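Worksheet: the structure to be examined is printed underneath.
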Amino acid sequence: MPTTRGWVVTIIGLILVVAWVGLGTIELGLAGMALILLVLVSMGMVAISGAVIDTTRQISPAEVHDGQIAYVTTRLHNPGRRHVRGIKSTESVADVGNARFDIATIAPGSAVNTRYRITCSPRGELTLGAPEITLSDRMELARRGCNGARSEDSIIVLPAVERLDHIPRGSGVDLGTTRTRPEPYLKGAEDFSALREYRSGDDLRRVHWPSTARFDEIMIRQMETPRETRGLILLDVRPASYEDDDAFERAVSGAASALTSLVKAGYLSDLWAGGTDTVDGSHIDLAMERLALVSRAKVGLLGLQENLRHRGGGLLVIVTGVADTELLALHAGLAPDYPTAVVLCAANSTPSALAAFHRRGVATAVAGPDESWVPEWDRMVNQSWQVPTRSNAAGKGG
């Protein structure tokens, strides 16, 4: 079809033809018909060219958290035997806009890469439309699509994660983390249970390299995990628990931070974030994707007790907005299985129900929708377990 320039030339040609009819000046008519013919010839040449551009797309990094930048690289390949000229590539990004590129020519058998960046926010699924490739004649009077195989892509934007140090241990001794001598590793002799950070004396044959690359710290496969190193992160998804959308997003970030920190600390952790079943935290990619796509929903928390109790272990982390009596009752039902508990509240002020949690020996932290979890977590750890944290350690150093 004609481009914008092609339509302009066609309209001028028609005006000249009309002027010829009205004024009788044949030169005007010839000029007008020549312009119209030029556009028609351009359309014909573009239509019969048979050129096709194949596209492949790569997104990096593969894992993106809320607020981080992703780079999208699209490879445009000319599989034909002739040069392809006048190429325009357009890629749409949902709720963001379009990325447009003009490419003068691609030689036969060659390829050209385009690249653009996206600030990924908020969390959730970000859809990238299939690349729209068109080509035109040298005068850009006509244009047609020339896409080969193409498809949409998506980026799963994970929640923002903060580092929460000094994860408390559940009651009892973690036999899986107190060994001081390297152990012989017999493939298939034990079942893989969890991951934890490397400690001096650990058998290097148990290094889990994918997780080591992910966390930028050496992670060890823990082949047997005692009951005391199990954990459960429970994200309250009830709409009434949150003052606004920002509070819920802060809670989701808190749940993601707690999950990541527990896994790094060696806990075999489950995640509940709505629905009837939990997600096994040892498959952290699936758990983080669940948090990336979670939304608020009406649910009865007390009906979850039977599903969660058989997964009992050492540490329970409840992440909510404004804690209430229903959460208090849920904790009472889970307390025999989770003797150590933490409640994280995303709220502008301290919920009154936290006093009842305190009387039960539950540690609590409150962070506003625009605040970081780290200072409140460190304060909670310092007050509840008397563990030196980043803030008071810095104060002593001064």
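The values are calculated or read from the model by the stated rules, or taken from the named source; none is laboratory data. Here the structure is a predicted model, which is why all the values come from computation and not from measurement. Cβ coordinates were reconstructed from backbone atoms using ideal geometry, including for glycine residues, and neighbour counts include every protein chain displayed.
Side notes on the structure shown:
- Flag for ARG117 being loosely packed, with under 13 Cβ neighbours inside 10 Å and either closer than 27 Å to ILE69 by Cβ or touching a helix residue (DSSP H, G or I) at 6+ places or on another chain (Cβ under 9 Å) (or both): yes
- Single residue of ARG57, ARG100 found to be crowded, with 16+ Cβ neighbours inside 10 Å and among the charged types (D, E, K, R): ARG57
- One residue stands out among those in region 277-317 that are small (Gly, Ala, Ser) and more than 23 Å from GLY67 (Cα to Cα): the one that is modelled with the highest pLDDT, which is ALA297.
Yes/no per residue for (1) polar (S, T, N, Q); (2) in a strand (DSSP E or B); (3) more than 30 Å from ASN113 (Cα to Cα):
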position	(1), (2), (3)
ARG5	no, no, no
THR10	yes, no, yes
LEU16	no, no, yes
GLU27	no, no, yes
VAL41	no, no, yes
GLY44	no, no, no
GLN58	yes, yes, no
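- Search result, residues across region 286-303 that are of a type outside the set (A, V, I, L, M, F, W, C) and in contact (Cβ under 8 Å) with a residue 40 or more places away in the chain: GLU289, SER295, ARG296, LYS298
- Taking region 264-301 as the range and being in contact with a Ser or Thr (Cβ under 7 Å, 6 or more places away or on another chain) and of a type in the set (D, E, K, R) as the test, only ASP270 passes.
- The single residue among SER261, SER352 that is closer than 30 Å to LEU126 by Cα and hydroxyl-bearing (Ser, Thr, Tyr) turns out to be SER261.
- Number of residues in region 362-376 that are touching an Asp or Glu at 6+ places or on another chain (Cβ under 8 Å) and under 21 Å from THR340 (Cα atoms) equals 5.
- Within region 80-129, tally of residues that are assigned to a strand (DSSP E or B) and either touching a residue at least 12 places away in the same chain (Cβ under 8 Å) or not assigned by TED's automatic domain parsing to the domain that holds GLY145 (or both): 32
- Test: residue in region 265-287 that is buried (at least 23 other Cβ atoms within 10 Å of the Cβ), farther than 30 Å from SER121 by Cβ, over 24 Å from the mean Cα position of the chain (by Cα) and not assigned by TED's automatic domain parsing to the domain that holds PRO122: no
- Close pairs from region 328-354: first modelled with pLDDT under 90, partner surrounded by fewer than 16 Cβ atoms within 10 Å (Cβ to Cβ) and of a type in the set (Ser, Thr, Tyr), Cβ under 8 Å, at least 6 apart: PRO339/SER171; THR340/SER171
- Of everything listed in (1) at pLDDT 90 or above; (2) under 28 Å from VAL9 (Cβ atoms); (3) in contact with a helix residue (DSSP H, G or I) (Cβ under 8 Å, 6 or more places away or on another chain), the single unmet condition for LEU141 is (1).
- Within region 155-167, residues that are over 27 Å from ALA363 (Cα atoms) sit with their Cβ atoms under 6 Å from residues that are in a loop (DSSP other than H, G, I, E, B), at 6+ positions apart or across chains, in these pairs: VAL157/ASP66; VAL157/CYS120; VAL157/ARG123.
- Condition check for ALA251: crowded, with 23+ Cβ neighbours inside 10 Å, of a type in the set (A, V, I, L, M) and either in a helix (DSSP H, G or I) or in the same structural domain as THR127 (by TED's automatic domain parsing) (or both): yes
- The selection criterion, being part of a helix (DSSP H, G or I) and out of contact with any strand residue (DSSP E or B) (no Cβ under 9 Å at 6 or more places or on another chain), holds for LEU35.
- Within region 310-351, the set of residues being within 18 Å of ALA251 (Cα to Cα) and of a type in the set (S, T, N, Q) comprises THR320, ASN348, SER349, THR350.
- Enumeration of residues in region 1-50 that are in contact (Cβ under 8 Å) with a residue 60 or more places away in the chain and surrounded by 15 or more Cβ atoms within 10 Å (Cβ to Cβ): PRO2, THR3, ARG5, GLY6, VAL9, LEU38, VAL39, SER42, MET43, VAL46, SER49
- Any chance ARG379 is touching a Ser or Thr at 6+ places or on another chain (Cβ under 8 Å) and at pLDDT 85 or above: yes
- Applying the criterion of being within 21 Å of HIS65 (Cβ to Cβ), in contact with a helix residue (DSSP H, G or I) (Cβ under 9 Å, 6 or more places away or on another chain) and among the charged types (D, E, K, R) to the residues of region 198-250, the residue that is modelled with the lowest pLDDT is ARG214.
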